[in-house]
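Okay, structure first, notes after.
The values are calculated or read from the model by the stated rules, or taken from the named source; none is laboratory data. Source: prediction; values computed, not measured. Glycine gets a Cβ as well: all are built from the backbone with ideal geometry, and neighbour counts include every protein chain shown. Side chains included, ligands, DNA and RNA excluded: accessible areas come from the protein's heavy atoms. Shrake-Rupley method; radii C 1.70, N 1.55, O 1.52, S 1.80 Å.
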Amino acid sequence: MELRLRYAPEAVNAGRFAADIVVSAAQVSGAELDYSVRSLAVVDGIIEDFRANGIVSAQLGETLFGFGCYVGEVMVRQGGAAWRPVAGEDVAAFGFPLVVALPSGQVCNPIGKVFRRLENGPEDSLPHFYTVFAEPWRRV
């Protein structure tokens with residue numbers, strides 16, 4: 001899928017994508033996204049609404065990318081993570097040129113997770129994703 005993104009899909013721009021989706025979510029659905037862990041349930045609900053309306057990722061890939069950056073920004077701000085670029089074969093493996101590196105050294109793909117949430121439904125819960133990857137490091 002080819003995305004027409006407002007900024008280059010680089011780690012340095014992930015926060016900009018997240019900030020844009022915060023504004024869009026407020027304007028379109030009245031959702032308040034405040035970068036808290038609990039806000040991931042709000043994003044999860046928005047994605048579920050898309051799913052319930054039969055929307056597929058090809059219809060709003062740029063929006064999903066923005067929500068993925070938002071999920072990653074929650075991990076950065078609340079879980080001590082950092083955005084990291086990927087290149088070459090890693091892009092093929094992750095599907096996107098940026099991922100989140102956790103304090104443990106573990107890497108996760110919040111952008112890909114948001115796309116999977118739309119495709120697979122609640123089994124790919126975003127709050128659960130945070131709990132598995134970032135919550136242990138938040139307590140440290």
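A few notes on this one:
- Out of every Cα-Cα pair that the range 51-140 contains, those further apart than 19 angstrom amount to 39 percent.
- Per residue accessible area of the range 22-137, 1.4 Å probe, in Å²: 45
- Among the protein heavy atoms of the chain, carbon and sulfur supply 50% of the accessible surface, probe 1.4 Å, non-protein parts ignored.
- Shown for the chain are no DSSP H helices, since none reaches 27 Å along its axis, judged by Cα atoms, with a mean Kyte-Doolittle hydropathy of at least -0.5.
- FRET efficiency for the pair Glu119 and Glu89, taken as 1/(1 + (r/R0)^6) with r the Cβ-Cβ distance and R0 = 22 Å, rounds to 0.40.
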